[in-house]
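Asker: Take a look at this one; I'll ask things after.
The values are calculated or read from the model by the stated rules, or taken from the named source; none is laboratory data. Since this is a predicted model, take the numbers as computed values, not measurements. We place every Cβ from the backbone using ideal geometry, glycine too, and count neighbours over all the protein chains shown.
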Amino acid sequence: MPFTETKAKKTFLWLWLGQLISNLGTQTTLYGIGLWFFAKTQHLADFALVALSVQIARIIVLPLIGNQVAAWPRRRVMLISNGIGAFCTLAFSMLLLQGKGIPHLLPVLLLQGLAAMAEATLILSFSSLIPTLILNKESLVKANGLFASTDTLVLAVAPFLGSWLAGLIGLEGVLGIDACSFLIALICVLAAPWPNQLNHPSKNASEWKGIQLTKNWATLQKIWSSSPLGQVALTMSTFIAFSYAATEILFPAWVAVAYGTQRMALVILAAMLGYSLGLLAWQRKAANYWQRIWPNMISIQALILMGAGLKTFDSRPLIWFGGVLIFSSGLPIVMSSIQQIWSQIAPPEELPRFFAVRYAFEWSARLIAFISVSLAVDQLIQPALIWPGLPSWIKSSLGTEEGRAIAVALGAIGWVLFLSRISQAKNLRSTF
């Protein structure tokens, strides 16, 4: 039977569900293991090293597979990747739960890195498969929205979920949930009706010839010089990844330090509501007008972050929570639009290579954000706020009490987001 549009949508939904569950399990385990190490050693550096190992492993694997994924049978690639993830979970269980003492960190980091490589392969395989699978333009916009929205949702939920589960049911429970997530993902890949051309290697497949950095560099040049939209995709996706990763670190820390756990619970509810509204808006109406909506949403998000750096909004809870709601509602819209842009600029035969370059920049930006933000707060902003020579009007507007250094850092991230939007204003006008 021919592979119809209905079957294509069914395949996408099965793979999307498996990817969502697998990614959520991996990211939740990441934070659960990091919190477990922190509880055992009381060294925050151990927690940070687990997160850094994942980002570095993701970046390393891209040049290894980016030029070859299109020539591999995707179903087999996704099954093997899920199998590697399940093996890592089993190895974690043997390493962390059988011994009475604290295991050496290096084997844990190596296993986390291997699991992250498998997860990166899944993300690259699925994201580059979507435009090949869904040919109808309207359906493709919605499919891109689902993929990008759920990926961002996992990154937002996993830190809280992993920390909460580690404290509630212990590391054994977190690893058990991760094992179940890989099993469900395997079932989803097996249950999906695959088109024959994706089930078998391409006739033009060639032997693996190494990392081929020159080919990745040529792809980067092609993206940048092909059209203004290519420059928009590369620039905006990188700076958005940096800004969102920095916010992911700074915002929970600010709320915890300055307001306490009671407001944190309200923040999570407001963020979940906003995110749900944004996702619903994309699926209903916003997807039809995404070219006009997403640049404006970035500007609004930038202004909200800038407002966090001003002390005056601390005493206005209605405006404060309204900012959380609006910022969260913009996440699925912005990320879905970025996914749609990359789907448009990449030729079908070069989708994996284009997406490998994309994720190399995005994940590198996240890594830089993880490293730089905490250093900036501790070594630069905090000393500047208590510097005796700082003008009084600046002190009164920014504040010097506990948590204000983190809020000022959020304001600076708002400027990064806004300036990245301004830098691409000409390309956006010529494209949209």
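Asker: Those residues that are modelled with pLDDT under 85 and either small (Gly, Ala, Ser) or in a helix (DSSP H, G or I) (or both), I need them from the range 411-432; list them, please.
Answerer: SER430, THR431
Asker: Of the residues LEU417, LEU375, only one is without any contact (Cβ under 8 Å) to a residue 24 or more places away in the chain and either buried (at least 18 other Cβ atoms within 10 Å of the Cβ) or not charged (D, E, K, R) (or both); which?
Answerer: From the options LEU417, LEU375, the qualifying one is LEU375.
Asker: In addition: Which one of the conditions (1) surrounded by fewer than 21 Cβ atoms within 10 Å (Cβ to Cβ); (2) polar (S, T, N, Q); (3) touching a helix residue (DSSP H, G or I) at 6+ places or on another chain (Cβ under 8 Å); (4) closer than 27 Å to LEU250 by Cα does GLN283 fail to meet, given that it meets all the rest?
Answerer: The failed condition is (4).
Asker: Same structure again: Mind checking which residues of the range 260-275 are surrounded by 15 or more Cβ atoms within 10 Å (Cβ to Cβ) and free of Cβ contacts under 8 Å to residues at least 40 places away in the same chain?
Answerer: Once the filter is applied, which keeps residues that are surrounded by 15 or more Cβ atoms within 10 Å (Cβ to Cβ) and free of Cβ contacts under 8 Å to residues at least 40 places away in the same chain, the range 260-275 yields only ARG263.
Asker: Kindly provide the set of residues from the range 167-186 that are under 11 Å from THR29 (Cα atoms) and within 22 Å of the chain's Cα centre (by Cα), ordered by number.
Answerer: VAL174, LEU175, ILE177, ASP178, ALA179, SER181
Asker: Residue by residue through the range 375-410, note down the ones that are assigned to a helix (DSSP H, G or I), touching a helix residue (DSSP H, G or I) at 6+ places or on another chain (Cβ under 7 Å) and small (Gly, Ala, Ser).
Answerer: Selection gives ALA376, SER397, ALA405, ALA407, ALA409.
Quick grid of which residues meet (1) touching a residue at least 12 places away in the same chain (Cβ under 8 Å); (2) surrounded by fewer than 18 Cβ atoms within 10 Å (Cβ to Cβ):
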{"site": "LEU351", "(1), (2)": "yes, no"}
{"site": "LEU385", "(1), (2)": "yes, yes"}
{"site": "SER392", "(1), (2)": "no, yes"}
{"site": "LYS395", "(1), (2)": "no, yes"}
{"site": "THR400", "(1), (2)": "yes, yes"}
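Asker: Being at pLDDT 80 or above, in contact with a Pro (Cβ under 8 Å, 6 or more places away or on another chain), not assigned by TED's automatic domain parsing to the domain that holds GLN283 and not basic (Lys, Arg): is that true of LEU109 here?
Answerer: Judged against the criteria, LEU109 is not a match.
Asker: Being at pLDDT 85 or above and either among the β-branched types (Val, Ile, Thr) or outside any helix (DSSP H, G or I) (or both) is the requirement here; does ILE177 meet it? Before you say what the answer is, go through the steps one by one.
Answerer: Values: at pLDDT 85 or above: no; either among the β-branched types (Val, Ile, Thr) or outside any helix (DSSP H, G or I) (or both): yes.
Considered against the rule, which asks whether it is at pLDDT 85 or above and either among the β-branched types (Val, Ile, Thr) or outside any helix (DSSP H, G or I) (or both), ILE177 comes out as no.
Asker: I've got another one for you. Please specify each residue of the range 360-396 satisfying the condition of being aromatic (Phe, Trp, Tyr) and within 26 Å of the chain's Cα centre (by Cα).
Answerer: Once the filter is applied, which keeps residues that are aromatic (Phe, Trp, Tyr) and within 26 Å of the chain's Cα centre (by Cα), the range 360-396 yields PHE361, TRP363, PHE370.
Asker: Residue under question is GLY230, and the condition is that it be crowded, with 16+ Cβ neighbours inside 10 Å, within 21 Å of VAL416 (Cα to Cα), modelled with pLDDT of 85 or more and assigned by TED's automatic domain parsing to the domain that holds LEU367; does it hold?
Answerer: In short, yes.
Asker: Name the one entry in SER343, SER315 that is under 22 Å from ASN144 (Cα atoms) and polar (S, T, N, Q).
Answerer: Going through SER343, SER315 in turn, just one is under 22 Å from ASN144 (Cα atoms) and polar (S, T, N, Q): SER343.
Asker: Could you run through the range 117-145 and say how many residues are out of contact with any Lys or Arg (no Cβ under 8 Å at 6 or more places or on another chain), under 23 Å from ALA51 (Cβ atoms) and of a type in the set (Gly, Ala, Ser)?
Answerer: Going through the range 117-145 one residue at a time, the tally reaches 2.
Asker: Moving to a separate point now. Only one residue in LEU325, LEU220 is without any contact (Cβ under 8 Å) to a residue 60 or more places away in the chain, closer than 24 Å to PHE147 by Cβ and not assigned by TED's automatic domain parsing to the domain that holds ALA158, so which one is that?
Answerer: Details: LEU220 fails: without any contact (Cβ under 8 Å) to a residue 60 or more places away in the chain.
When all the criteria are applied, what remains is LEU325.
Asker: In addition: Under 7 Å between Cβ atoms, which residue pairs at least 6 apart in sequence (or on different chains) link something in the range 289-304 that is surrounded by fewer than 23 Cβ atoms within 10 Å (Cβ to Cβ) with a partner that is not in a helix (DSSP H, G or I)?
Answerer: GLN291/PHE432; ARG292/PHE432
Asker: Counting only residues that are under 21 Å from the mean Cα position of the chain (by Cα) and charged (D, E, K, R), which one in the range 134-166 is modelled with the lowest pLDDT?
Answerer: The selected residue is ASP151.
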